[in-house]
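Here's the structure we're looking at; comments come further down.
The values are calculated or read from the model by the stated rules, or taken from the named source; none is laboratory data. Being a predicted model, the structure only gives us computed values, none of them experimental. Heads up, the Cβs are rebuilt from the backbone with ideal geometry, glycines too, and the neighbour counts pull from every protein chain shown. Side chains are part of the model used for accessible areas, which takes the heavy atoms of the whole protein and leaves out ligands, DNA and RNA. Shrake-Rupley method; radii C 1.70, N 1.55, O 1.52, S 1.80 Å.
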Number of protein chains: 2
Amino acid sequence: MATRRSTQDVYILGGYQTDFARNWSKESKHVVALMREATLGALEQTRVEPAEIEVAHVGNFAGELYCMQGHLGAFVVDIDPAFRGLPTARHEAACASGSIAALAAEAEIEAGRYDVALVLGVEQMKTVDSKRGGDFLGTAAWYEKEAKGVEFPFPKLFGKLGDEYDRRYGLKDEHLARISAINYENAKLNPNAQTRSWFMSYDHACSTGQYNAKIGGRIKLTDCSQVTDGAAAIILASAEFAERWAKRMGVALDRIPKVLGWGHRTAPIEFSAKTAQSHGMQYVLPHTRKAITDAYERAGLSGPEQLSAIETHDCFTTSEYMAIDHFGLTAPGESWKAVEQGVIEIGGKCPINPSGGLIGAGHPVGATGTRQLLDAALQVSGQAGDYQVDGAKRVATLNIGGSGTTSVVHIVGTA
Amino acid sequence: MATRRSTQDVYILGGYQTDFARNWSKESKHVVALMREATLGALEQTRVEPAEIEVAHVGNFAGELYCMQGHLGAFVVDIDPAFRGLPTARHEAACASGSIAALAAEAEIEAGRYDVALVLGVEQMKTVDSKRGGDFLGTAAWYEKEAKGVEFPFPKLFGKLGDEYDRRYGLKDEHLARISAINYENAKLNPNAQTRSWFMSYDHACSTGQYNAKIGGRIKLTDCSQVTDGAAAIILASAEFAERWAKRMGVALDRIPKVLGWGHRTAPIEFSAKTAQSHGMQYVLPHTRKAITDAYERAGLSGPEQLSAIETHDCFTTSEYMAIDHFGLTAPGESWKAVEQGVIEIGGKCPINPSGGLIGAGHPVGATGTRQLLDAALQVSGQAGDYQVDGAKRVATLNIGGSGTTSVVHIVGTA
């Protein structure tokens, strides 16, 4: 199948992220409260009227497990009286659910079904203890084969990703520690980041022991993104609506972020099947690589040298390590070079996760994809505040479901 | 928002339904086995090559609860080696999940993102006993408010739908019994129907007591669709691909079923909020009515007189009773007239559920929407076998999530 570019532009008018440091269960709040705050926040930020929203797409991983609540799309209609009758849906691909919801909304706008869509990623995870939550996360993998009866299956799976790099190319844990430290450092600049007030340093990330325990294989506590509650909403629009909106807001249309390209690929769900399939290949996760090159192709980009920054899926340090070479910032297996040379730091050639990413900003699973898209839009419109990448024009996102199973890439830019 | 007709035709090349009488847990089979049989069956039926499938959309309500497995979209890639890297996603709106998956696939084809999509609805429900399964179904409603601690919440909610009709217009249970009997009767003609060999009669449906217990309010056992396991897959295609496929199959393009129109609306999730909102209105579920009239408008139809048949969501007899007047087969509140006059029987003016519907054919939740679309396509292409409606040209489907919360309507026809 040839990678086709879309015929219709899809704009990101703006959005809203909840404070990922909050624990909504402790506040005795239902998941709908998260949805409400993000939705009303996005409307207020963009000054889009509730009656202008024509459809709502919700990204959520496992509300049935964490909150004993399915059918989350439907909860949107209760948020504002103008939403009565609004078409709604929930979309899921584990930790890539937010991006999957965005893809569905974009397709509808490109098809001319609707002009304005609310895309809302949400997950309330602090309803259960970390062991039980870890078991729930196991349903993003092949539960029966990879997670049942396994304590914290996902750190172990992403530990294996590191091991695979080690086997093929060599991998030093100090480079993973540096990735962690950069994400924590960036998060201090982000007023919505979960870890913004936490102590963390490169030295701490290098240590192992009581204060930085191994969670699964080579993955230590500082290599992990942390469980949290959160929601992030963005408002997508057709060119027709964006033009009217730009006039009303007094901004030029070419200053409004839009989706320049996207990629969407799925690898076998079992981690061992993934590495067996990529045996002897350059890229450890070739389908993730393909999602990235599909996005470059659709956006008409030659490669990462045309990106200003990347918001990637660092559920663990190993997945960011993988993203570095898969995006083409280095040759395959040489991600450590970009880490050592400061390429991925704010101020570097291609900052990764200026927001703090999943490790620093937090990873409320279903919200991550929309949070990444929101951050990409904020960056390219110069609204990212203290974590702004100077002069950002094009920002890529990579959102991953399972152990590298579903990969969704977006490239967001202005004109 | 104006209801826009699509600019690109979406064709239904065919598909496959598993035998809804099977209990896959008793066969010691994982949910992926259901997905595999439906997918391979759809490929075989349509003679579409696995390598021609460009994207897969899975409709599933609550795999996380029934099967402790999320991320079901990803399981498709393991079904055939040609599926490696295939973009996949799972979509959910409770019992309307199958139709929500279809809407997502249609939008992508209309947008020109892909030419050929696999849409697969699936639910394995016999993994748990009926009480626990009833509790899981409660997550399709507002669980905390309407289902927590309630035994079999959904019969009670749809009993209230009957009560609301009774209050507004009067409702005789004998008409509900007739609806049940017709569905069971039709199911005997359907080789994949769950109840095809069960004894049921109008007299039995009228009785109350040991052999036809009340489950919730006025809802008796014979008013209910039954829990089962099942999957149904359809293959959707763009006009460009359908034209090539028609040539290769030696059929005329205008004999291939296509989506003529669709509607998608959401009512408040709580049942009491729905009836409060429709107080004093003609239609008890005005958003369901709107989904139907949106579909008529998009299909360019004046009303139900242009329909050959309807496959509707009779999770309970009351929801089919509601569908009769909401589709406009009678004036509001007069559905009983269509029941008495034989309008909805095979051979009647507008047969409803020639397949047996959810009550007769079975209701594996996530599969129902795609099963309805498959049956609609089989009808309009004259391939419905013993339950064929003579000369069917246009068949509508109504798929409902929750207590009338998400409504998705499709109108499928030839040319």
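Residue by residue through region A:179-200, note down the ones that are within 20 Å of the chain's Cα centre (by Cα) and either open to solvent by less than 30 Å² (accessible area, probe 1.4 Å) or within 14 Å of residue A:316 (Cβ to Cβ) (or both). Can you show your working first?
We begin by selecting, within region A:179-200, every residue within 20 Å of the chain's Cα centre (by Cα); these are A:179-196.
Across region A:179-200, the qualifying residues are A:179, A:180, A:181, A:182, A:183, A:184, A:186, A:187, A:190, A:193, A:194, A:195.
Considering only residues that are part of a loop (DSSP other than H, G, I, E, B) and of a type outside the set (A, V, I, L, M), look in region B:335-349 and name the one that is surrounded by the most Cβ atoms within 10 Å (Cβ to Cβ). Explain how you work it out, then say what you get.
Keep residues of region B:335-349 that are part of a loop (DSSP other than H, G, I, E, B), which gives B:341-349.
Next cut, of a type outside the set (A, V, I, L, M) only: B:341-342, B:345, B:347-349.
On the way: B:341: 13, B:342: 14, B:345: 20, B:347: 9, B:348: 16, B:349: 16.
Within region B:335-349, the match that is surrounded by the most Cβ atoms within 10 Å (Cβ to Cβ) is B:345.
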Taking the stated definitions as given, is residue A:12 more than 30 Å from residue B:132 (Cβ to Cβ), more than 13 Å from chain B (Cβ to nearest Cβ) and aliphatic (A, V, I, L, M)?
yes
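I'd like to check something: does region B:47-65 contain any residue that is on the phi > 0 side of the Ramachandran plot, in contact (Cβ under 8 Å) with a residue 12 or more places away in the chain and more than 22 Å from the chain's Cα centre (by Cα)?
Taking region B:47-65 as the starting set, the residues that turn out to be on the phi > 0 side of the Ramachandran plot are B:47.
Retained after the next criterion (residues that are in contact (Cβ under 8 Å) with a residue 12 or more places away in the chain): B:47.
Next, from what is left, pick out any that are more than 22 Å from the chain's Cα centre (by Cα): B:47.
Yes; the residues of region B:47-65 include at least one that is on the phi > 0 side of the Ramachandran plot, in contact (Cβ under 8 Å) with a residue 12 or more places away in the chain and more than 22 Å from the chain's Cα centre (by Cα).
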Residue selected from region A:35-62 under the condition more than 8 Å from chain B (Cβ to nearest Cβ) and part of a loop (DSSP other than H, G, I, E, B), by the criterion nearest to residue A:370 (Cα to Cα):
A:60
Out of all the residues in region B:142-192, which are out of contact with any His (no Cβ under 9 Å at 6 or more places or on another chain) and of a type in the set (Asp, Glu)?
B:146, B:151, B:163, B:164, B:166, B:173, B:174, B:185
Restricting attention to region A:143-153, report how many residues are part of a helix (DSSP H, G or I) and within 12 Å of chain B (Cβ to nearest Cβ).
5
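Given the criterion outside any loop (DSSP other than H, G, I, E, B) and either touching a strand residue (DSSP E or B) at 6+ places or on another chain (Cβ under 6 Å) or more than 24 Å from residue A:271 (Cα to Cα) (or both), identify the matching residue among B:103, B:65.
Numbers: B:65 fails: either touching a strand residue (DSSP E or B) at 6+ places or on another chain (Cβ under 6 Å) or more than 24 Å from residue A:271 (Cα to Cα) (or both).
Among B:103, B:65, only B:103 is outside any loop (DSSP other than H, G, I, E, B) and either touching a strand residue (DSSP E or B) at 6+ places or on another chain (Cβ under 6 Å) or more than 24 Å from residue A:271 (Cα to Cα) (or both).
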Quick check: is even one residue across region B:159-177 buried (at least 22 other Cβ atoms within 10 Å of the Cβ), within 14 Å of another protein chain (Cβ to nearest Cβ) and in contact with a Ser or Thr (Cβ under 9 Å, 6 or more places away or on another chain)?
no
Every residue from region A:355-386 that is touching a residue at least 40 places away in the same chain (Cβ under 8 Å), over 30 Å from residue B:91 (Cβ atoms) and either open to solvent by less than 10 Å² (accessible area, probe 1.4 Å) or under 15 Å from the mean Cα position of the chain (by Cα) (or both)
A:356, A:360
Do we have any residue at all in region A:339-351 that's closer than 22 Å to residue A:403 by Cβ and either in contact with a Leu (Cβ under 6 Å, 6 or more places away or on another chain) or not aliphatic (A, V, I, L, M) (or both)?
no
Odd one out for residue A:89, checked against (1) within 12 Å of chain B (Cβ to nearest Cβ); (2) free of Cβ contacts under 8 Å to residues at least 12 places away in the same chain; (3) of a type outside the set (Phe, Trp, Tyr):
(2)
Just checking, which of B:51, B:38, B:62, B:93 is open to solvent by 10 Å² or more (accessible area, probe 1.4 Å) and aliphatic (A, V, I, L, M)?
B:51
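If you go through region B:114-136 one residue at a time, how many are in contact with a strand residue (DSSP E or B) (Cβ under 8 Å, 6 or more places away or on another chain) and open to solvent by 10 Å² or more (accessible area, probe 1.4 Å)? Can you show your working first?
The first filter runs over region B:114-136 and keeps only residues in contact with a strand residue (DSSP E or B) (Cβ under 8 Å, 6 or more places away or on another chain), leaving B:114-123.
Going one step further and asking which of them are open to solvent by 10 Å² or more (accessible area, probe 1.4 Å), we end up with B:115.
Qualifying residue count for the region: 1.
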May I ask you to list the residues in region A:143-169 that are more than 21 Å from residue A:212 (Cβ to Cβ) and touching a residue at least 12 places away in the same chain (Cβ under 8 Å)?
A:145, A:146, A:147, A:150, A:164, A:168, A:169
Name every residue in region A:393-415 that is open to solvent by less than 10 Å² (accessible area, probe 1.4 Å), more than 14 Å from every other protein chain (Cβ to nearest Cβ) and of a type in the set (A, V, I, L, M, F, W, C), in order of residue number.
A:395, A:396, A:398, A:411, A:412
Could you check region B:241-288 and list, in sequence order, the residues that are at the interface with chain A (Cβ under 10 Å from one of its Cβ atoms) and not hydroxyl-bearing (Ser, Thr, Tyr)?
B:262, B:263, B:264, B:265, B:267, B:268, B:269, B:270, B:273, B:277, B:286, B:287
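Residue check: is residue A:330 within 14 Å of chain B (Cβ to nearest Cβ), of a type in the set (Val, Ile, Thr) and either open to solvent by 10 Å² or more (accessible area, probe 1.4 Å) or touching a strand residue (DSSP E or B) at 6+ places or on another chain (Cβ under 7 Å) (or both)? Break it down into steps so the answer makes sense when it comes.
Numbers: within 14 Å of chain B (Cβ to nearest Cβ): no; of a type in the set (Val, Ile, Thr): yes; either open to solvent by 10 Å² or more (accessible area, probe 1.4 Å) or touching a strand residue (DSSP E or B) at 6+ places or on another chain (Cβ under 7 Å) (or both): yes.
Answer is no for this residue.
To keep it simple, each residue is scored yes or no on (1) of a type outside the set (A, V, I, L, M, F, W, C); (2) open to solvent by 50 Å² or more (accessible area, probe 1.4 Å); (3) more than 16 Å from residue A:162 (Cα to Cα).
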| position | (1), (2), (3) |
| --- | --- |
| A:202 | yes, yes, yes |
| A:209 | yes, no, yes |
| A:226 | yes, no, yes |
| A:244 | yes, yes, yes |
| A:247 | yes, yes, yes |
| A:260 | no, no, yes |
| A:269 | no, no, yes |
| A:279 | yes, yes, no |
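In this structure, is residue A:352 surrounded by 24 or more Cβ atoms within 10 Å (Cβ to Cβ) and in contact with a helix residue (DSSP H, G or I) (Cβ under 8 Å, 6 or more places away or on another chain)?
For residue A:352, the condition - surrounded by 24 or more Cβ atoms within 10 Å (Cβ to Cβ) and in contact with a helix residue (DSSP H, G or I) (Cβ under 8 Å, 6 or more places away or on another chain) - is met.
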Mind listing whichever residues of region A:69-89 are closer than 18 Å to residue A:235 by Cβ and not in a helix (DSSP H, G or I)?
A:79, A:80, A:86, A:87, A:88, A:89
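So if I check each of B:196, B:218, which one is under 27 Å from residue B:60 (Cα atoms), among the charged types (D, E, K, R) and touching a residue at least 24 places away in the same chain (Cβ under 8 Å)? Break it down into steps so the answer makes sense when it comes.
Details: B:218 fails: under 27 Å from residue B:60 (Cα atoms).
One residue alone meets the criteria, B:196.
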Reported set for region A:249-258 where residues are surrounded by 19 or more Cβ atoms within 10 Å (Cβ to Cβ) and not charged (D, E, K, R) is A:256, A:257
For residue B:186, state whether it is of a type outside the set (A, V, I, L, M, F, W, C) and outside any helix (DSSP H, G or I).
no
Can you name the residue in region B:65-86 that is facing chain A (nearest Cβ under 7 Å) and aliphatic (A, V, I, L, M) and is also surrounded by the most Cβ atoms within 10 Å (Cβ to Cβ) among such residues?
B:74
When you scan region A:289-303, how many residues do you find that are within 12 Å of chain B (Cβ to nearest Cβ) and polar (S, T, N, Q)?
1
How about region A:125-142: which of its residues are within 13 Å of chain B (Cβ to nearest Cβ) and in contact with a Gly (Cβ under 8 Å, 6 or more places away or on another chain)?
A:139, A:140, A:141
